[in-house]
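Nothing in this text is a laboratory measurement; each read-out follows from the coordinates by a stated rule. What you see is a predicted model, and the numbers here were worked out from it, not measured in a lab. Every residue, glycine among them, receives a Cβ derived from its backbone with ideal geometry; neighbour counts consider all protein chains shown.
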Amino acid sequence: MTLPALLFGIVLSSAYGTAFHFWKGGSVKKLLLYILLSWLGFWCGQLLAAKLDWTFASVGPINTGLATLGSAIFLFVGEWLSRVEVTRKETARK
């Protein structure tokens, strides 16, 4: 993979994470979480497409179709898992 293709993938997946944050809202921590999830999902989708030798909406060496799908899956699942709140049970103190 060439350096321009790598940079294009980083920019595209960052745009996905940022757009998801604008849609869902939240703090700066959520923005960083969404960008990280988008990166992970994008490159996992790209690696899966390369491993299975699938091509869908390719732009140069990057299979943007499956990479975009991977990014979306990671973003939705990560957002869903981030809504879980941990509650602590008070123990009886004597």
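The figures follow:
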quantity	calculated
Positive-pole candidate from 76, 87, 48, dipole of the chain, charges at beta carbon	87
Computed label-point distance, nm, for sites residue 72 and residue 15 using a 7 Å Cα→Cβ extension	1.6 nm
About the Cα centre, charge dipole magnitude for the chain (Lys/Arg +1, Asp/Glu -1 at Cβ), debye	660 debye
[x] 19, 14, 12; [y] 31, 17, 11; [z] 34, 14, 10, with the label sought being that of the calculated semi-axes √(5λ) of the Cα gyration tensor in Å	[z]
Partners for residue 89 among lysines (Cα-Cα distance below 23 Å; same-chain residues under 8 apart left out)	none
Residue among 59, 12, 25 farthest towards the positive dipole end of the chain, charges placed on Cβ	25
Segment residue 55-residue 28, length gained on full extension (0.36 nm per residue, minus Cα span)	6.2 nm
Added length on full extension, which subtracts the Cα-Cα distance from 0.36 nm per residue, residue 3 to residue 83	25.2 nm
